[in-house]
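Remarks on the structure that follows.
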Amino acid sequence: MSFFKAENLAINFGGVKAVDGVNFEIKKGECFTIIGPNGAGKTTIFNLISRIYDSTEGTMTFDGQDITKVPPHAIASLGIARTFQNIELFEHASVLQNLLVGRHCHSRTNLFSELAFTPSMRKAEIAHREKVEEVIDFLDLQHYRESLITNLPYGVRKVVELGRALCTEPKLILLDEPSSGLNVEETQDMSFWIDDIKKDLGITVLMVEHDMGLVSEVSDQVLVLNYGRMLAFGSPQDVQNDPEVIKAYLGE
Amino acid sequence: MRFLFKTDYNQDIRIAKHSGYYWSYGLLLLIVVAAPYFLEGYYIGQMTQLFIIAMAGVGLMLLAGYTGLVSLGHAAFFGIGAYTEAVLTSNGVPLPFMEEPVIFPFVISMPLAAIFAALAGVVIGIPVLRLTGIYLAIATFAFALIIEEILSRWESVTNGYTGLLVESLYIGDTELTDGAPFYFLCLGLLVLVILMSINLLRSPTGRAMMAIRDSEVSAQSMGVNLARVKTTAFALSAGITGLAGALFAHKLGFLSPESFTVFQSLELLVLVVVGGIGSLHGAIFGAMFVLALPQGLAILKDYLPTAIAETPGMEPFIFGFILVLVIIFEPYGIYGRWLKIKHYFQMFPVYKKATFKRQKAYMKSERLK
């Protein structure tokens, strides 16, 4: 039984087939990477999984449940969290508040207890903060805890976004280009964290990435897309030596 | 400069971040509680009006400042609250099995006014869920026009342009809706509304509102139900504004549809922007501004040459001009300026001008919106 499975997944935007009949399976606890040239449909697949887009065809199953028609806000509580390619943090809030929003899918409160801020509400808030603190410790964000996002450099924002996804306590985490815009050292840190997320936290990782160094370091399986179609699939080494893949990237 | 060392999660959650809060806000509360004992009647009336407008401002601030949904139609909710209160406490409502129309006591009528306005908020909130920005502003604007029209045409209830007299309320022999008692009623309700808003903003729903304001797509991916939170924000905002409207009905003593026009919606929006968008302080500062400006202009007129002072449309012009200046030079309004002044004295003598400079946002993906 596979952990996550996409069967014959497809989406059209008018005449453009952004994703066209893609099949893949992710095993629990592995790091699965999607690579491909620009416009290959990598981020579109992420948006399909997080249900921002409705797929035209195909099905997705996650942890034994069909998620093809689940509403987008219910995805997080099923255990799928994501980051965004161009960072979608809540700019006018502190790091702590951003991470607390990541706890939203675990909050069970009603409006009246919120307006009165009842003792049980306070207890729940403290429990959320304890969880958030674990993530802050894990990603070494203590220093930025109270900073507003607008005042943070790009590299730190990237980490905060990863932290926000971790705060939802996901089973599957989708990382959209975790190393884009990072320098060599930050990319190295990111690769350690991805490894830790996989091994220590036991979270399955699905990522889109261009940096082949990072891909070969952390990935178990690599899927190559081109023009919305599957081009190759296998271990990072196999894929890099595949003549079709070389042709897609470099031309003939 | 005070440095906070946090050792407890409660320190994050607490409303008063440090002991200084008790002194400053305690003093403020002492002053407003003592005010009726040394102010003249006129000023008590003005302060009461300030509290009412500030309450409506808090309502709109929750929606426009915290959820990022700009409404150009809040006078409608204000009007619904006011008319509900007037009808319930003055004319009464004919109920089955009752020979005379039932007149409600204010402890029931005021919550009912807030609930009616909140329901109206849901009615407008649900169909415009998909709209943001200028389109939402236009939709709420249209809604306000419809309500204005209903208020003037539904003569059997609202009396149309003839107007509706609002009865004064009494507890025993003391009149509740005038002078010091009304002052304390409005102050108490304003404090209650502010406390509830602060509570909301430190709870999951409040954070979800701010998340929607900053990035809808990632809020959704974090499990925020956009439709639900937006509708809640609309209902709460309308409910608070409706409660302010109910108080306003007693302040005016006489209601006509002219009191709830588009101009008043604009005034509320100016309040939110000039006061400081995205802060509850801003609602209070904005209310002071909106209330003080016409009076300031009236005083100024005496000193201006007649040709300028008598020009029609002088007041709206100055209003608009200040709004533009604030948006360009102080996007966080009076509250933003207040923070800067406070910071200047805290950091004295090493204040750096760049402290409040914000970096431009990095690339923002527009594709998902």
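Figure legend. Inter-residue proximity from the stretch B:181-201: first residues more than 10 Å from chain A (Cβ to nearest Cβ) and more than 18 Å from A:T118 (Cα to Cα), second residues in a helix (DSSP H, G or I) and of a type in the set (F, W, Y), beta-carbon distance below 8 Å, spacing 6+ or different chains. Indicated pairs: B:Y183/B:F51; B:C186/B:F51; B:L187/B:F51; B:L189/B:F51; B:L190/B:F51.
The residues on offer are B:A244, B:A233, and the sole one that is buried (at least 24 other Cβ atoms within 10 Å of the Cβ), within 14 Å of chain A (Cβ to nearest Cβ) and part of a helix (DSSP H, G or I) is B:A233. State yes or no: is A:G64 more than 8 Å from chain B (Cβ to nearest Cβ) and either under 30 Å from A:Q188 (Cα atoms) or surrounded by fewer than 16 Cβ atoms within 10 Å (Cβ to Cβ) (or both)? Judged against the criteria, A:G64 is a match. Which residue pairs have Cβ atoms closer than 7 Å, lie 6 or more positions apart in sequence or on different chains, and pair a first residue in the stretch B:238-266 that is within 15 Å of B:I108 (Cα to Cα) with a second residue that is among the hydroxyl-bearing types (S, T, Y) and assigned to a helix (DSSP H, G or I)? Close Cβ pairs (under 7 Å, with a partner that is among the hydroxyl-bearing types (S, T, Y) and assigned to a helix (DSSP H, G or I)) amount to B:A246/B:T84.
Taking the criterion of being surrounded by 22 or more Cβ atoms within 10 Å (Cβ to Cβ) and outside any strand (DSSP E or B), the residues of the stretch A:219-242 that qualify are A:S219, A:G228, A:V239. Kindly indicate which of B:Y183, B:Y161 is assigned to a helix (DSSP H, G or I), at pLDDT below 90 and not aliphatic (A, V, I, L, M). Selected residue: B:Y161, the only one of B:Y183, B:Y161 that is assigned to a helix (DSSP H, G or I), at pLDDT below 90 and not aliphatic (A, V, I, L, M).
Pairing residues of the stretch A:113-140 that are under 29 Å from A:V156 (Cα atoms) and touching a residue at least 40 places away in the same chain (Cβ under 8 Å) with residues that are among the hydrophobic types (A, V, I, L, M, F, W, C) and assigned to a helix (DSSP H, G or I), at Cβ distances under 6 Å and at least 6 apart in sequence or on separate chains, gives A:L139/A:V159.
Screening the stretch A:3-54 for strands (runs of 3 or more DSSP E) wholly inside it with 1 or more residues that are of a type in the set (K, R) and either over 18 Å from A:L78 (Cα atoms) or in contact (Cβ under 8 Å) with a residue 40 or more places away in the chain (or both) returns the ranges A:4-13, A:16-26. Looking only at residues of the stretch B:1-28 that are in contact (Cβ under 8 Å) with a residue 24 or more places away in the chain and within 11 Å of chain A (Cβ to nearest Cβ), we find that the one that is nearest to the chain's Cα centre (by Cα) is B:I15. Give the stretch B:302-331 a look and list any residue that's without any contact (Cβ under 8 Å) to a residue 12 or more places away in the chain and more than 30 Å from B:T67 (Cα to Cα), or say none. Selection gives B:D302, B:Y303, B:L304, B:P305, B:T306, B:A307, B:I308, B:A309, B:E310, B:T311, B:P312, B:G313. Filter the stretch B:96-107 for residues that are more than 17 Å from B:S168 (Cβ to Cβ) and surrounded by 10 or more Cβ atoms within 10 Å (Cβ to Cβ); which is nearest to the chain's Cα centre (by Cα)? Per the stated criteria, the residue is B:V102. Of everything listed in (1) at pLDDT below 85; (2) closer than 23 Å to B:R213 by Cβ, the single unmet condition for B:A354 is (2). Considering the stretch A:171-197, the residues that are among the charged types (D, E, K, R) and assigned to a loop (DSSP other than H, G, I, E, B) include one that is modelled with the highest pLDDT, namely A:K171. The residues listed here are B:A113, B:A219; of these, the one that is within 14 Å of chain A (Cβ to nearest Cβ), surrounded by 15 or more Cβ atoms within 10 Å (Cβ to Cβ) and either within 30 Å of B:K17 (Cβ to Cβ) or not polar (S, T, N, Q) (or both) is B:A219.
Flag not set for A:T83, criterion: touching an Asp or Glu at 6+ places or on another chain (Cβ under 6 Å) and farther than 18 Å from A:I203 by Cα. Within the stretch A:70-123, the set of residues being among the aromatic types (F, W, Y), facing chain B (nearest Cβ under 7 Å) and either surrounded by 21 or more Cβ atoms within 10 Å (Cβ to Cβ) or in a helix (DSSP H, G or I) (or both) comprises A:F84, A:F90. Comparison of A:I149, A:I173, A:I136 shows that the only residue that is within 13 Å of chain B (Cβ to nearest Cβ), within 12 Å of the chain's Cα centre (by Cα) and on the phi < 0 side of the Ramachandran plot is A:I173. Scan the stretch B:187-220 for residues that are among the charged types (D, E, K, R) and not in a helix (DSSP H, G or I) and the total you get is 1. Here A:G39 clears all of (1) within 22 Å of B:M222 (Cβ to Cβ); (2) within 14 Å of chain B (Cβ to nearest Cβ) except the condition numbered (1). For the stretch B:168-213, a residue qualifies if it is touching a helix residue (DSSP H, G or I) at 6+ places or on another chain (Cβ under 8 Å) and at positive phi, and exactly one does: B:G179. Any residue at all in the stretch B:280-294 that is in the same structural domain as B:L165 (by TED's automatic domain parsing) and surrounded by fewer than 22 Cβ atoms within 10 Å (Cβ to Cβ)? No. When the criteria are applied in full, B:L72 fails the requirement of being outside the structural domain of B:L195 (by TED's automatic domain parsing) and either free of Cβ contacts under 8 Å to residues at least 40 places away in the same chain or not in a helix (DSSP H, G or I) (or both). Residues in the stretch A:152-170 that are more than 10 Å from chain B (Cβ to nearest Cβ) and either outside any helix (DSSP H, G or I) or buried (at least 18 other Cβ atoms within 10 Å of the Cβ) (or both): A:V156, A:K158, A:V159, A:V160, A:L162, A:G163, A:L166, A:E169, A:P170.
The values are calculated or read from the model by the stated rules, or taken from the named source; none is laboratory data. Computed from a predicted model, the values in this text were never measured in an experiment. Neighbour counts are summed over all protein chains in view; Cβ atoms, including those assigned to glycine, are modelled from backbone coordinates with ideal geometry.
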